[in-house]
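Shown next, in structure tokens, is the structure this report addresses.
The values are calculated or read from the model by the stated rules, or taken from the named source; none is laboratory data. Keep in mind that this is a model prediction, so the values were computed, not measured. Note: ideal-geometry Cβ built from the backbone for every residue, glycine included; neighbour counts use all protein chains shown.
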Amino acid sequence: MTRMSGPANVPARMRAPVIATAMTSILHEATRPVVDPIQDVDWLPVIPGEMIAIRLDSAHTAKAFALVESVVEPMAGPPLHVHHDADEMFYVLSGHVTFARHDEMFEAGPGDVVYIPRDVPHAFRNFGDEQARMLVTFTPGGFEDFFRAAGAHPPERLPELLAQRKASIVGPQIPHPRETRR
């Protein structure tokens, strides 16, 4: 028997059928406001010198996007890598971060936005004397699961964990400007 939605006083032939699926519940969850109090967040160690807090899990956005906060210590940053199924956007909150994208390098500071389309090799590194903080959005969501896994496994497993999430390391960390002048 098919359940029907609509007021009981509307004839059954005019009511819409109710189809209960996992997607229905996901979409229902995606329409609810999510409040993530700052004190309730877990900081995940991803690579030495970088901590990640998942601010909005893609489970709350029907996998449309995920939002994380990244705190990058001086001289820290990931190696050159690529996401094959997600675009990445960085909003710098504090500090200055050097980015490599394609064959270009540039610095971004507070209020700057950096967009990296999927399949574009990129990296960033904090060459400043203080922490850098960024909000990072992944579209579609799902890559935040890598941060959870990376924090629970030794660094030598990172390539395997990235591959499981359609990403890979394709080069070294951005060299310090003094290293490139030698």
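Among the numbered conditions (1) buried (at least 17 other Cβ atoms within 10 Å of the Cβ); (2) among the aliphatic types (A, V, I, L, M); (3) touching a strand residue (DSSP E or B) at 6+ places or on another chain (Cβ under 9 Å), tell me where Met105 comes up short.
(1)
What is the one condition in (1) more than 14 Å from the chain's Cα centre (by Cα); (2) at positive phi that Gly142 does not satisfy?
Among (1) more than 14 Å from the chain's Cα centre (by Cα); (2) at positive phi, Gly142 violates only (1).
Is it true that some residue in segment 28-51 is at pLDDT below 90 and among the hydroxyl-bearing types (Ser, Thr, Tyr)?
There is at least one residue in segment 28-51 that is at pLDDT below 90 and among the hydroxyl-bearing types (Ser, Thr, Tyr).
For segment 58-87, name all the residues that are among the acidic types (Asp, Glu) and in contact with a Lys or Arg (Cβ under 8 Å, 6 or more places away or on another chain).
Correct list: Glu69, Asp85, Asp87.
May I ask you to list pairs of residues, at least six apart or on different chains, whose Cβ atoms are under 6 Å apart, with the first in segment 112-129 being more than 16 Å from Pro172 (Cα to Cα) and the second being among the aliphatic types (A, V, I, L, M)?
Matching pairs, first to second residue: Asp112/Val92; Val114/Ala108; Tyr115/Met89; Arg118/Ala86.
If you check Glu107, Glu69, Glu88, Glu73, which single one turns out to be of a type in the set (D, E, K, R), in contact (Cβ under 8 Å) with a residue 40 or more places away in the chain and in contact with a His (Cβ under 8 Å, 6 or more places away or on another chain)?
Only one candidate passes the filter, namely Glu88.
From the set of residues in segment 97-117 that are in a strand (DSSP E or B) and acidic (Asp, Glu), which is nearest to Ala132 (Cα to Cα)? I'd like the intermediate steps shown before the answer.
Initially, segment 97-117 is screened for residues in a strand (DSSP E or B), giving 97-101, 104-108, 113-116.
Right, trim to acidic (Asp, Glu) and you get 104, 107.
Working: Glu104: 21, Glu107: 12 Å.
It comes out as Glu107.
Which one is nearest to Ile54 (Cα to Cα) among residues in segment 166-182 that are more than 19 Å from the chain's Cα centre (by Cα) and assigned to a loop (DSSP other than H, G, I, E, B)?
Ile174
Output the residues belonging to segment 78-96 that are farther than 10 Å from His122 by Cα and touching an Asp or Glu at 6+ places or on another chain (Cβ under 7 Å).
The answer is His84, Val92, Gly95, His96.
For segment 49-62, what are the residues that are out of contact with any Leu (no Cβ under 9 Å at 6 or more places or on another chain) and over 27 Å from Pro155 (Cα atoms)?
His60
Among the numbered criteria (1) over 15 Å from the mean Cα position of the chain (by Cα); (2) touching a residue at least 40 places away in the same chain (Cβ under 8 Å), which single criterion is violated by Ala163?
Of everything listed in (1) over 15 Å from the mean Cα position of the chain (by Cα); (2) touching a residue at least 40 places away in the same chain (Cβ under 8 Å), Ala163 misses just condition (2).
Restricting attention to segment 58-108, and to residues there that are among the acidic types (Asp, Glu) and either touching a Pro at 6+ places or on another chain (Cβ under 9 Å) or at pLDDT 95 or above (or both), which single residue is farthest from Ala150 (Cα to Cα)?
Glu107
For Phe143, all conditions in the list (1) crowded, with 16+ Cβ neighbours inside 10 Å; (2) modelled with pLDDT under 95 hold save one; what is the number of the exception?
(2)
Restricting to segment 74-93, give me the number of residues that are surrounded by 16 or more Cβ atoms within 10 Å (Cβ to Cβ) and within 13 Å of Thr139 (Cβ to Cβ).
Number satisfying all stated conditions: 6.
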